[in-house]
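K.L.:
Below is the structure I would like to discuss, written out as C-alpha cells.
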Ligand SMILES: Nc1nc2c(ncn2[C@@H]2O[C@H](COP(=O)(O)OP(=O)(O)OP(=O)(O)O)[C@@H](O)[C@H]2O)c(=O)[nH]1
Ligand SMILES: [Mg+2]
C-alpha cells in the first residue's frame, strides 16, 4: 500500500526548473497528494526565478582623498569574490580619482548571476574649503532613488526596473588612532540618513593590533554619541537569531581593512598582499586584517538584507517625502497622468493575484 502511494507521488512529479537539475514540483490533483499541499515548493520556485533574473548589487566607496578607496575597489574585484571574472581592462595603475564613476563586473557562481557595481568617488579634503563636501555624494544617492521612483510611477512600467540605488556605502575613516574627526562625523550623519553605511578603518596596516582595538572602541563611542546610524541597525534586526549574528558584527565594526591590487607568492600560493620590508600583509588573511570580514558581510551574509533595507527603509523614506513634496503632482515628477488604456494595468494587477 505504502509502495503504491509512493508510486503515485512519483508519477505526478515533473521538472520545475530545467536549469536546476533535480528540482521537481509536485502537481496537486485532487486527493492524489494525501493532504500534501506542496507549499515548500515555493522556495524552489523563488530560487529558480532569482537564478534566471540574477542580482544587482551596488556598493559605493566614500572618504577623504588618498585613503585607499580605489585600491579597495580593485581588491574586492581581484579577491575571491570574482577572481575568475576580473576585468582585464580595469586600469592597472591606480591614480587619483577625479570624478565619480562606477565599475561593474558580472559574477557567476553555481548558476547564480550577480552584477556587482562599485561606485568610486573622488576623495574630499584636498580643497581649502571642505564645507558641504558631502553634497555630491548625497546628490548621487538621491538621484538614484529619483530615477527608480520615476520608473515606478511610469504608466508603462518596465517588468524589472534597473536598480542603480546604492545598497551600501563603505565609509573610509583615516587610521589616526585618535577619535572621529568632525568632518567624518558631519559626513556620516548626513549619509546615514539616506543609505546603509559600513564604516572601515582605512590603511589599517599602519596601526598595531592594540591601537586598532582601542581606535575601534573610540569610533564606536563617537558614532553612538553623535547619533550616527551605521549598518546593521539594531532596530531592523528581525529575530533573536539575526540579533545574535548582527551583535557580533556590531562589536567588530568598523572593520580594519588593508587594500592592494598586487599578488605575491606565499608558500607557493598566489595571495593578494602588500609587500613591506618585514613581510607580506595578506589582505584576505583574517589574522592580518578584516578585509575578508567586510567582503563576507557585503556578499556572503548580508547582501539581500542590504538590498531589503535600501528598498524598504531608505528608498521608502525618499519616496514618501518626494510624493508628499510634490503632493502627487505628476507633471512636476515629469510624468503624464494619462488614464489607463482599457484598464490594462488594472488587469495585469489582478492577473498577478490569480
Ligand atoms: N599602507 C597602505 N597603503 C594603501 C592602502 N590602500 C591603498 N594604499 C595606498 O594609498 C595610496 C592612495 O590609494 P588610492 O586607492 O588611490 O586612494 P583613494 O582613496 O582612491 O584616493 P583619491 O582617489 O584621491 O580619493 C596609493 O599609493 C595606495 O597604494 C592600504 O591599505 N595600506
Ligand atoms: Mg580614488
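K.L.:
Can you compute the FRET efficiency between residue 243 and residue 131 using 1/(1 + (r/R0)^6), with r the Cβ-Cβ distance and R0 = 56 Å? Round to the nearest 0.05.
P.N.:
Computed FRET efficiency for residue 243 and residue 131: 0.90.
K.L.:
With no solvent and one equal point scatterer placed on each C-alpha of the range 156-196, evaluate the Debye formula and give log10 I(q)/I(0) for q = 0.20, 0.31 Å⁻¹, two decimals.
P.N.:
-0.72, -1.10
K.L.:
Sticking with this structure for a sec: Calculated FRET efficiency, residue 278 and residue 209, Cβ-Cβ r, R0 22 Å, to nearest 0.05?
P.N.:
0.90
K.L.:
How much length would be gained if the chain were fully extended between residue 262 and residue 286, taking 0.36 nm per residue of separation minus their Cα-Cα distance, in nm to one decimal?
P.N.:
6.9 nm
K.L.:
For the ranges 68-76, 152-160, 272-280, 119-127, what's the packing order if you count other beta-carbon atoms within 10 Å of each residue, average per peptide, and put the highest first?
P.N.:
68-76, 119-127, 272-280, 152-160
K.L.:
Shifting gears a bit: State the extension gain, in nm to one decimal, for the chain segment bounded by residue 313 and residue 113, taking 0.36 nm per residue of separation less the distance between their alpha-carbons.
P.N.:
Taking 0.36 nm per residue and subtracting the Cα distance, the gain is 69.5 nm.
K.L.:
Once the piece of chain linking residue 226 and residue 183 is laid out straight, how much longer is it, given 0.36 nm per residue of separation minus the C-alpha distance between them?
P.N.:
Stretched out fully, the residue 226 to residue 183 stretch lengthens by 14.2 nm.
K.L.:
Related question: Express the Stokes-Einstein translational diffusion coefficient of the range 108-211 in µm² s⁻¹, to the nearest whole number, given a Kirkwood radius over alpha-carbon pairs, 10 °C and a viscosity of 1.306 mPa s. Can you show the working numbers first?
P.N.:
Working: Rh = 16.5 Å.
This corresponds to a translational diffusion coefficient of 96 µm²/s.
K.L.:
Classify the range 56-318: rounded, prolate or oblate, from the alpha-carbon gyration tensor (a ≥ b ≥ c, eigenvalue square roots; a/c under 1.5 rounded; otherwise prolate if a/b is larger than b/c)?
P.N.:
Verdict is rounded for the range 56-318.
Just so you know, all these numbers are worked out from the coordinates, no wet-lab data involved. Just so it is clear, the model here is predicted, and its values are computed rather than measured. All Cβ positions, glycine included, derive from the backbone under ideal geometry; neighbour counts span all protein chains shown.
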